[in-house]
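Everything on this sheet refers to the single structure shown next.
Any read-out appearing in this document is the output of simple, stated calculations on the displayed coordinates, not a laboratory observation. Since this is a predicted model, take the numbers as computed values, not measurements. When we count neighbours, we look across all protein chains shown, and the Cβ atoms used for this are built from the backbone with ideal geometry, even at glycine.
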């Protein structure tokens, strides 16, 4: 029960292909004793894809956490003034959310949750998943690494042959990253190697 009594805001943005891996880690976080408040971006709350429907994904998350999903900005605003959480996790974190976070844009429930939490000088854990992390978003990734109270889940190039700008966090390392972030430390190494034989 490594997370017993820890209050976690678990934010999900629209990298839909990673949802199964994220759900697996969400279950483990709850099993470790955390109290989890689920938060969806607008796209997650409303978009049906080949991976899942919005309604089915919401149902699964609410069953795992035992909490209703917050999917609006007003609902997450109290996180800051009421100091509701110990850590905020964004998993997966799309390139769009990353870019907006770096540039101070707060136009989704996830971004408001991060902003509200950061005002309390507490950790935000980011599990990146974007096809342009080494392209247009490379500057934003470089900048976020140096932002106080931001901690990155270790990531790799998931397909350097076919998608050479793409990075995906190792979702299996979310809990370890949370534990490290709660101590004010960035888990290392941040950049991890994925064997080519696992990719090809």
Residue hits (the range 113-130; part of a loop (DSSP other than H, G, I, E, B) and buried (at least 21 other Cβ atoms within 10 Å of the Cβ)) are 123
Qualifying positions in the range 131-185 - in a loop (DSSP other than H, G, I, E, B), touching a residue at least 40 places away in the same chain (Cβ under 8 Å) and under 13 Å from the mean Cα position of the chain (by Cα)
153
